[in-house]
Amino acid sequence: MIGWSGWGRSAPGGAIVSAAAPPAAAHDGDRHHQQRPRVEISRVQADSPGREDRSNRSLNGEWVEIRNTTRNPVNLRGWTLRDSDGNRYRFDNVRIGSRATIRIHSGNGRDTRTDLFQDRRDEVWDNRADTATLRDDRGRTIDTKTWGRRR
């Protein structure tokens with residue numbers, strides 16, 4: 001498979017997939033507590049609203065939203081976003097502001113501080129079942145979101 005392409009697109013509706021990430025365990029002296037990840041996948045729009053016709057509008061209707069949960073900006077340079085087939089989007093020198101979100105769209109567009117574009121010509125996310133995985137610049141898994149069941 002070349003790029004992010006080739007999935008059946010028959011799931012109804014324009015459902016947004018969203019789930020809370022399991023909190024990361026943290027150790028603070030002798031006291032244990034739960035802590036949210038610094039950066040998380042907050043929402044996924046896997047099924048583009050309307051007709052899926054591979055137009056740029058349709059491609060940009062599917063996206064993954066990344067949220068910075070901290071008070072400080074985070075540079076995503078070298079981080080990756082992957083699907084369950086291993087297709088990858090690599091972040092350039094992108095800063096996500098304090099408690100801000102950024103959406104990564106599948107199609108073409110002009111990158112802004114709130115929206116990035118993969119410049120793909122095919123759909124990325126499988127409507128029925130897929131997994132979005134966010135990894136840092138050292139390859140460590142930061143967060144994942146899974147929907148449906150893969151066969």
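Derivation of every value follows stated rules applied to the coordinates shown; laboratory data play no part. This is a predicted model, so every value here is computed, not measured. For neighbour counting, all protein chains shown are included, and Cβ atoms are generated from backbone atoms with ideal geometry for every residue, glycine included.
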**OP:** Tell me the label-point distance for the pair R38, R140, using the 7 Å Cα-to-Cβ offset, in nm and rounded to one decimal.
**Re:** 0.8 nm
Subject >> Computed over segment 32-151: relative contact order in percent, which uses C-alpha pairs under 8 Å that are six or more apart >> reply: 26 percent
Subject >> Approximate spin-label separation D92-T114, in nm, with each point projected 7 Å along Cα-to-Cβ >> reply: 2.1 nm
Original post:
Cα gyration tensor of segment 108-149, axes a ≥ b ≥ c as square roots of the eigenvalues: rounded (a/c below 1.5), prolate (a/b > b/c) or oblate?
Top reply: oblate
Original post:
For segment 33-102, what Kirkwood radius comes out of the mean inverse Cα-Cα distance, in Å?
Top reply: 13.7 Å
**OP:** About the Cα centre of segment 58-117, how large is the charge dipole given +1 on each Lys and Arg Cβ and -1 on each Asp and Glu Cβ? Please answer in debye to the nearest 20.
**Re:** 360 debye
**OP:** In whole angstrom, note down how far apart the Cα centers of segment 46-82 and segment 128-151 are.
**Re:** 13 Å
**OP:** Calculate, in nm to one decimal, what T101 and R121 gain on full extension: separation in residues at 0.36 nm each, minus their alpha carbon distance.
**Re:** 4.8 nm
